[in-house]
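Scroll down for the structure; my scribbles are underneath it.
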């Protein structure tokens, strides 16, 4: 192999980690946007409905208050999204609801992406090898055994697996941790209201 080909391969190998991180963050951001779209974040009525449904506001239809500013026991009935949009506190409540929706979206995305990275890590460490071997042996028992193929021992199976290259997972865990960190910052901001 010529030096030129080696240099090209080395340059390509250095770019791949960046591509993995970009793809992981792209997937995480796509999950955040999907969550926000489903929850109605991009419409005023959707945010108002979330604020009422999640308990951020309470009160009678003409008197919408945030739970921190009044006692639950004194109020009768529940607030509606229409009453929230007609109240004097609408902008404050909608901003608080938006922060809460963003925190929820980033948290859900972070847990999902980090969890997938954690599963890949656990798989690389051999946590699922016994289950994998058991399923293969069940398949061999019912299908392959009749053809006379050789039975593989667990030791041979583990040796064969150790010779395979390991999958990379760090980019998933880092992207998930960044999403979780953003969620924590948003939750802290939400708690200050």
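At-a-glance table
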item: Some residue of the stretch 98-111 being closer than 19 Å to residue 186 by Cβ and modelled with pLDDT under 70; result: no
item: Some residue of the stretch 9-30 being in a loop (DSSP other than H, G, I, E, B) and modelled with pLDDT of 90 or more; result: no
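Residues are listed down the side, and each one gets a yes or a no for (1) touching a residue at least 40 places away in the same chain (Cβ under 8 Å); (2) loosely packed, with under 14 Cβ neighbours inside 10 Å; (3) in a helix (DSSP H, G or I):
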{"position": "93", "(1), (2), (3)": "yes, no, yes"}
{"position": "107", "(1), (2), (3)": "yes, no, yes"}
{"position": "110", "(1), (2), (3)": "yes, no, yes"}
{"position": "138", "(1), (2), (3)": "no, yes, yes"}
{"position": "165", "(1), (2), (3)": "no, yes, no"}
{"position": "171", "(1), (2), (3)": "yes, no, yes"}
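The values are calculated or read from the model by the stated rules, or taken from the named source; none is laboratory data. As the structure is a prediction and not an experimental result, all values here were calculated from the model. Cβ sites come from the backbone with ideal geometry, for glycine too, and all protein chains shown count toward neighbours.
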